[in-house]
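One structure is given below, encoded as structure tokens.
The values are calculated or read from the model by the stated rules, or taken from the named source; none is laboratory data. A quick note: this is a predicted structure, and the numbers were derived from the prediction, not measured. Cβ atoms come from the backbone with ideal geometry, glycine included; neighbour counts cover every protein chain shown.
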Amino acid sequence: TVLVVDFGAQYAQLIARRVRECHVYSEIVPSTMSVEEMMAKNPKAIILSGGPSSVYAEGAPPVPHGLFSTGVPTFGICYGFQAMAQALGGTVARTGVAEYGGTSLKVLDEGVIFAGLPASQQVWMSHGDSVAAAPEGFTVTASTGETPVAAFEHPGRGLYGVQFHPEVLHSEHGQAVLRHFLEAAGCRPSWTMLNIVEESVEAVRRQVGDGRAICALSGGVDSAVAAALVQRAIGDRLTCVFVDHGLLRKGEAEQVERDFVAATGVKLRVVDAAERFLKALSGVTDPEEKRKIIGREFIRVFEDEQRAIMADGPVDFLVQGTLYPDVVESGGGTGTANIKSHHNVGGLPEDLQFTLVEPLRTLFKDEVRRVGEELGLPAAMVWRQPFPGPGLGIRIVGEVTRERLEILREADAIAREELSRAGLDRQIWQCPVVLLADVRSVGVQGDGRTYGHPVVLRPVTSEDAMTADWSRVPYDVLSRISTRITNEVRDINRVVLDVTSKPPGTIEWE
Ligand code: XMP
């Protein structure tokens, strides 16, 4: 294990991911964790993340007491670099000169960290004050125009540091810099997908013993991969429940019922609840109301299924597709921190009397996808873009009816097909297609006047869905989508493009 000590910047997760890209397992711990607790995790190496702009910044967190006397190889990045310098007797100068963005780095001494790398390279900087003098015994290995001490190392003590951010892609050789540190620390590249699968399966076996588990499938990546892993571990003692609320996109229910089952051999109960959801949604136009109804009905159906399954014997475990970012954000994975409530399928009730099985708790999204591939899940499922639990129910502005769902499903399928064909799947975060069911406009199709509805295309790019920008989809792709939708989908005579960023617009319309 490599511990990434989080000093409160948004970079810790990125560092942990980069370490894992070197096939070394990494875990994020808060900087408030004691050195004893850290040592209990038996780390092979420690990385101090970035944080405030300077060790002199207000509220700058201290390095855990005694960290540098543990003998564990340690790498300081940015704030971690300054904190290391200060703690070991170097000096950090209050220059007040800040350096942000791309900067040219001059390597003075290749040493361990820059071995074999070019003498001049672009790096990404983001700091206020600077290290003026390295601690005694350290070699200064790089500088920039503004920063005479931009990197130092003391290989004998296993201590290294850089002022720049090797974890961001703008640092040309950042990944090599990290890898050099990990190699020097003796970390072996053993974190592979195969190992992850084997270890996770083993962990689930230990946790569940000969008990039984249930899992709600949503059609999304996380619940599918979690279920597939648990199935590997305990076979038929896992029962999956798929509540088909009738609000999925074209082909998605079949993907779960047929392809997923074929790929995994999972024991699945499918509940066709479309009728029930439609009835409950009848006459409802308010978005929040819709969400509540869908969530409530989902829980009711799931509880019915749960009772039926328990008739065959007790079930103690509930499988959830919680990912590592959720764990980190809800308390740094320190033991029993509260788990962020999930809204995967409309939200499972909190008071379900189950022990949670969360086989993806240590994984990032991209790792989950690769585990899914390793487990042989259908590509369309593994690479699916985010889709809200309430489904198409919140993409029909107006009342949700069977007919409107059919129309939207066709339009959405065309948009997805054309975006895929244009090779834009990985570039676009997601592209909701929204039916403005209560808006009508005049058109002319064939020889006649039409009075139909518009659909909105909402392609966005995003890192994490918290903020987003509208995607600049090439005009010819938009044109094909528009032509096909208006030709092939009845009642749609207009296609419009949403060019709003988030904020102020949310990604979904409701
Ligand atoms: P908004 O519309 O808030 O969406 O910008 C942000 C991201 O969350 C998805 N989303 C949901 N996901 N249950 C979910 O599982 C929901 O109720 C829900 N509402 C929005 C949305 O698709 C986007 O990726």
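Please work out which one of (1) part of a loop (DSSP other than H, G, I, E, B); (2) of a type in the set (Val, Ile, Thr); (3) at pLDDT below 95 is the condition residue 149 fails and give its number.
It is condition (3) that residue 149 fails.
Return yes when residue 366 is at pLDDT 80 or above, part of a helix (DSSP H, G or I), assigned by TED's automatic domain parsing to the domain that holds residue 267 and not aliphatic (A, V, I, L, M) and no when it is not.
When the stated conditions are applied, residue 366 passes them.
How many residues are in a helix (DSSP H, G or I) and either in the same structural domain as residue 438 (by TED's automatic domain parsing) or hydrophobic (A, V, I, L, M, F, W, C) (or both) when one looks only at the range 284-330?
Residues meeting the conditions: 11.
Can you confirm whether residue 177 is buried (at least 23 other Cβ atoms within 10 Å of the Cβ) and in contact (Cβ under 8 Å) with a residue 40 or more places away in the chain?
yes
Test residue 415 against the criterion of being touching a helix residue (DSSP H, G or I) at 6+ places or on another chain (Cβ under 7 Å), within 16 Å of the ligand (Cβ to nearest atom) and among the small types (Gly, Ala, Ser), and give yes or no.
Spelling it out, residue 415 is indeed touching a helix residue (DSSP H, G or I) at 6+ places or on another chain (Cβ under 7 Å), within 16 Å of the ligand (Cβ to nearest atom) and among the small types (Gly, Ala, Ser).
Identify, from the list 133, 115, 98, 142, the residue that is at pLDDT below 95, over 30 Å from the mean Cα position of the chain (by Cα) and in the same structural domain as residue 167 (by TED's automatic domain parsing).
98
Quick check on my filter: what residues within the range 121-146 are assigned to a strand (DSSP E or B), touching a Ser or Thr at 6+ places or on another chain (Cβ under 6 Å) and not aromatic (Phe, Trp, Tyr)?
123, 125, 127, 130, 132, 133
For residue 203, which of the numbered conditions (1) in a helix (DSSP H, G or I); (2) at pLDDT below 95; (3) crowded, with 16+ Cβ neighbours inside 10 Å; (4) not polar (S, T, N, Q) fails to hold?
If we test residue 203 against (1) in a helix (DSSP H, G or I); (2) at pLDDT below 95; (3) crowded, with 16+ Cβ neighbours inside 10 Å; (4) not polar (S, T, N, Q), just (2) comes out false.
Under 7 Å between Cβ atoms, at least 6 apart or on separate chains: pull out the pairs that start in the range 377-398 with a residue that is under 24 Å from residue 463 (Cβ atoms) and away from the ligand (no atom under 15 Å from the Cβ) and end on any residue that is among the polar types (S, T, N, Q) and modelled with pLDDT of 90 or more.
380/255; 381/255
Determine the pairs where a residue that is more than 14 Å from residue 203 (Cα to Cα), located within the range 220-242, has a partner that is among the charged types (D, E, K, R) and assigned to a helix (DSSP H, G or I) with Cβ atoms under 9 Å apart, the partner being 6 or more residues away or on another chain.
Final answer for the pair search is 221/365; 221/369; 222/365; 225/369; 239/305; 241/305; 242/257.
Of all residues in the range 200-238, how many are over 25 Å from the mean Cα position of the chain (by Cα) and closer than 23 Å to residue 384 by Cβ?
Result for the range 200-238: 1.
Could you run through the range 71-98 and say how many residues are out of contact with any strand residue (DSSP E or B) (no Cβ under 7 Å at 6 or more places or on another chain) and touching a residue at least 60 places away in the same chain (Cβ under 8 Å)?
Here the count works out to 3.
Quick check on my filter: what residues within the range 480-510 are in contact with a strand residue (DSSP E or B) (Cβ under 6 Å, 6 or more places away or on another chain), within 16 Å of the ligand (Cβ to nearest atom) and of a type in the set (Gly, Ala, Ser)?
The answer is 501, and nothing else.
Based on what the data block shows, is residue 352 within 16 Å of the ligand (Cβ to nearest atom), under 27 Å from residue 211 (Cβ atoms) and either part of a loop (DSSP other than H, G, I, E, B) or modelled with pLDDT of 95 or more (or both)?
In short, no.
Counting only residues that are surrounded by 13 or more Cβ atoms within 10 Å (Cβ to Cβ) and either assigned to a loop (DSSP other than H, G, I, E, B) or within 16 Å of the ligand (Cβ to nearest atom) (or both), how many does the range 439-466 have?
Of the residues in that region, 10 qualify.
May I ask you to list the residues in the range 378-412 that are aliphatic (A, V, I, L, M) and in contact with a Phe, Trp or Tyr (Cβ under 7 Å, 6 or more places away or on another chain)?
Across the range 378-412, the qualifying residues are 381, 397.
What are the residue pairs meeting all of these: first residue in the range 455-471, first residue within 27 Å of residue 324 (Cα to Cα) and touching a residue at least 40 places away in the same chain (Cβ under 8 Å), second residue more than 8 Å from the ligand (Cβ to nearest atom) and aromatic (Phe, Trp, Tyr), Cβ atoms under 9 Å, and 6 or more apart or on different chains?
459/470; 460/470
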